[in-house]
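Notes for the one structure printed next.
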Protein chains: 2
Amino acid sequence: MSERNSVLIGRKPAMNYVLACITLFHGGATEINVKARGRAISRAVDVVEITRRRFLPDIKVKSIDIGTEQMAPTEERSSPTNVSTIEIKLGK
Amino acid sequence: MSERNSVLIGRKPAMNYVLACITLFHGGATEINVKARGRAISRAVDVVEITRRRFLPDIKVKSIDIGTEQMAPTEERSSPTNVSTIEIKLGK
């Protein structure tokens, strides 16, 4: 899957990402990947549920994968930390 | 699946629920269900990842389902609201 068809969920309101998903499908994408890390995981599920239930009832959840990523140390954190991830594949 | 083998994720630290999962498997469960709603969804993914990676490497994610539940109106909210849900099935 090309990264073009990915929607990375951040801290904005869920509807921003719902709109991104709808735009990708309307632009011809047949499959898109909704990705999130850490506390944005809940929002990723909201985005998928709102997209499917309110706007694009033909879209199905194809797969859901969870995992762990190690985040490199930063100025605030001296040791690497683990963060959970989710990847939800949506398609027609 | 019996409700006995479910772990409902709330607001406590993730390790409390990790311990609940480990206890169920050590008590003979072969499959357990980790469930969460709303913002606890991120914590549910953390619980599953910590349980598998740090404590029980033989345990696999069997399935992940997401959905929407309608919450009845309360004193604070006059209209029903939708909340996202996740259900992660773990097994040997």
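Each reported figure results from applying straightforward, stated rules to the coordinates on display, with no laboratory input. Keep in mind that this is a model prediction, so the values were computed, not measured. Virtual Cβ from ideal backbone geometry, glycine too; neighbours counted across all protein chains shown.
Some notes on this structure:
- DSSP beta bridges in region B:3-91 [antiparallel fraction, %, rounded to 5]: 85
- Using the Cβ-Cβ distance between B:T23 and A:S6 with R0 set to 41 Å, the FRET efficiency from 1/(1 + (r/R0)^6) comes to roughly 0.60.
- Global dimensions of chain A from alpha-carbon coordinates: Rg and Dmax equal 14.2, 46 Å.
- Acute angle (nearest 10 degrees) that the helix A:14-26 long axis makes with the longest principal axis of chain A, alpha-carbon atoms: 50
- Average other protein chain Cβ within 10 Å of Cβ, residues B:39-52: 5
- Counting only DSSP H runs of at least 4 residues, each contributing -39500 (n - 2.57), and dividing by the residue count of chain B, the helix-based mean residue ellipticity at 222 nm comes to -8000 deg cm²/dmol.
- Among B:G67, B:G28, B:G38, residue whose mean-square fluctuation peaks in a GNM of chain B (springs only between Cα atoms under 10 Å): B:G28
- For region B:1-42 versus region A:33-82, the spacing of their alpha-carbon centroids is 20 Å.
- Listed pairs B:K62/B:K92; A:K89/B:K12; A:K35/A:K62; A:K60/B:K89; A:K92/B:K60 exceeding 18 Å between Cα atoms: A:K89/B:K12; A:K60/B:K89; A:K92/B:K60
- Sparse packing (at most 16 other Cβ atoms within 10 Å of the Cβ) combined with a DSSP loop state is found for none of the GluC sites (Glu not before Pro) in region A:1-72.
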